[in-house]
Amino acid sequence: MQKEIMEGTVKCSANFVPLSPISFLERSAKVYGDRLSIVHGNVRYTWRETRERCIRLASALTRLGITRGDVVAALAPNVPALYELHFGVPMAGAVLCALNTRYDSDMVSVLLKQLEAKIMFVDYELLDVVKGALEILSKEKVKLPHLVLISDAESELYNKNWSLASKDAGYESFLGNGGSDFEIVRPNDEWDAIAVNYTSGTTSRPKGVVYSHRGAYLNSLAAALLTEMTSMPVFLWTVPMFHCSGWCLTWTVAAQGGTNICMRNVTERGIFDSISQHQVTHMGGAPTILNMIVNAPQSVQKPIPRTVNVMTGGAAPPPQVLLKMKELNFNVTHGYGQTEAYGPAAVCFWKPEWNYLSPVEQANLHARQGVHHLGLEDVDVKDSKSMKSVPSDAKTIGEVMIRGNTVMNGYYKDVKATENAFKGGWFRTGDLAVKHPDGYIEVKDRSIDTIVSGGEIISSIEVESVIFSHPSVFEAAVVGKPDDHWGETPCAFVKLKNGCNASADEIIKYCRDRLPQYMAPRTVIFDDLPKTSTGKTQKFVLRERVKATDSVSKDS
């Protein structure tokens, strides 16, 4: 029957075009041409202007010798140039790799060598990092990339004695080398790479994750749906654009003809001022951003008359933070995903009947990771060995696994890691979770972060949630500390709120009053928590720190 139906049909340019986010910019330039696309300080661009700038960028890259499949590197905060690179680079047929702005020179040199990037765009604030990386590469006799410098005011580039190779080394001058009549290079296959994004490095050395035009297109539209982003939103960039291509929201905002409010540095004052000045409708960020908002000084906070939709990811936000965000008129949607899933993969879709529950019950439900979004085929919790789904009893722990068109092509130049990640026909996240009777998943921990004490498995997330509820605690992270008798015992790293005090004994007693005794931390260390630039705590750093900080810890 299928064969008969297909008789007389033909696949051609009239009915098939490889999916690509490039089309979002093309459409917005036509539909929303005169509307603001980008706002950054005094800089204002419309969608028509943004398209022309991206065309010139693609043209300039091509004239420099960039061809289909070449990698273009970038190291910059959330400024207009980085947003334009998300379109201009693929419009030249190339692949964008926006690097983590917290990388040091050693890491940048390693990744540039792996990427074999022919050109690198670098923000003036990060130039010293790149100079250090290039010095390392030059000693290794590696061909150095052509540098283009980004600055809020290009005249600054020539006043800093940076020894530029030429006047064309500035971003705006580079755009001037491009033509407005450039013919966009579209993907031959929608599975072609559009970007390489490195993982956050919370548990190991960062790995390059390859995104396709198809996956980016689908995840961008899914992101619009799960954030309830209608046409012409105003999006505040508190998510790093280098992280999962800004959770694909770089392309989502273009698809909806929205306005991108760029922020070079994310601060409490900047967030509240931007929301007030620009009537922001949407933003996103790790729980760290939410924590920053709810703990902002009263002198910084401003009334928010219009609800701001916020998508958060990473570890589940503590209920206390969610309650406070709601009081401030922020509507938080908890997403779940990984770099390998283009950012968000699942979301805690809100059910109307939950509106009748108590605020605390609602906050606990908000903290679930939920169900897969429309762009993904499936999310499940499975036994990692048998690959059978765990029962939906909210108790049995298994590994979160996902599959679908918004899962990475694979790890850049790492066949073995790709094969291991896809073993069994699913992407193995390494996250441990339970599945509730309604099908919603709830992540309990990363497999590497669970603590095994006397044969009992302890979820570090559960212990952290209790510690965080202490009124004096600003941040908390729990890792396992080696113990001769128990194997491991929970060790808590705690950062207190400004002006607050709490002793190690007080934190330990607080936990013992609310948790089984074996789950309560036996050690408390008061210290800052090492973070990735996306706000995730680097627990592997804490595990190393545990071994050397007994002198400032409290054992009970």
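The values are calculated or read from the model by the stated rules, or taken from the named source; none is laboratory data. Treat the numbers as computed from the prediction; the structure is a model and nothing was measured. Here Cβ is always computed from backbone atoms with ideal geometry, including for glycine, and neighbour counts include all displayed protein chains.
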Filter result for Asp106 (outside any strand (DSSP E or B), of a type outside the set (A, V, I, L, M, F, W, C), more than 19 Å from Thr339 (Cβ to Cβ) and modelled with pLDDT under 95): yes
Selected residue (only one of Leu175, Leu225 is among the aliphatic types (A, V, I, L, M), at pLDDT 95 or above and in a helix (DSSP H, G or I)): Leu175
Residue in the range 308-327 that is among the polar types (S, T, N, Q) and more than 29 Å from Thr429 (Cα to Cα) present: no
The range 154-171, residues that are touching a Ser or Thr at 6+ places or on another chain (Cβ under 9 Å), assigned to a helix (DSSP H, G or I), surrounded by 13 or more Cβ atoms within 10 Å (Cβ to Cβ) and modelled with pLDDT under 95: Glu154, Leu157
Single match in Asn260, Asn309 (criterion: surrounded by 21 or more Cβ atoms within 10 Å (Cβ to Cβ) and modelled with pLDDT of 95 or more): Asn260
Subset tally (residues that are within 14 Å of the chain's Cα centre (by Cα) and surrounded by 24 or more Cβ atoms within 10 Å (Cβ to Cβ)) for the range 316-337: 3
Helices (runs of 4 or more DSSP H) completely within the range 438-556 that count 1 or more residues being at pLDDT 85 or above and outside the structural domain of Phe349 (by TED's automatic domain parsing): 460-468, 504-512
Matching residues in the range 378-416 - criterion: being small (Gly, Ala, Ser), in a loop (DSSP other than H, G, I, E, B) and closer than 30 Å to Ile194 by Cβ: Gly404
Tyr83 closer than 21 Å to Val148 by Cα and surrounded by fewer than 23 Cβ atoms within 10 Å (Cβ to Cβ): no
Complete set of residues in the range 312-360 that are at positive phi and either of a type in the set (Phe, Trp, Tyr) or not assigned by TED's automatic domain parsing to the domain that holds Leu376 (or both): Tyr342
Residue check for Val72: crowded, with 18+ Cβ neighbours inside 10 Å, within 25 Å of Cys244 (Cβ to Cβ) and either touching a helix residue (DSSP H, G or I) at 6+ places or on another chain (Cβ under 9 Å) or in the same structural domain as Gln277 (by TED's automatic domain parsing) (or both): yes
Residue satisfying all of: in the range 213-237; of a type in the set (S, T, N, Q) and surrounded by fewer than 23 Cβ atoms within 10 Å (Cβ to Cβ); farthest from Leu290 (Cα to Cα) among these: Ser231
Which numbered condition Arg56 misses (of (1) crowded, with 17+ Cβ neighbours inside 10 Å; (2) without any contact (Cβ under 8 Å) to a residue 60 or more places away in the chain; (3) of a type in the set (D, E, K, R)): (2)
Single residue of Val210, Val253 found to be at pLDDT 95 or above and either under 13 Å from the mean Cα position of the chain (by Cα) or crowded, with 24+ Cβ neighbours inside 10 Å (or both): Val253
Among (1) crowded, with 21+ Cβ neighbours inside 10 Å; (2) more than 23 Å from Tyr198 (Cα to Cα) - the single one His40 does not satisfy: (1)
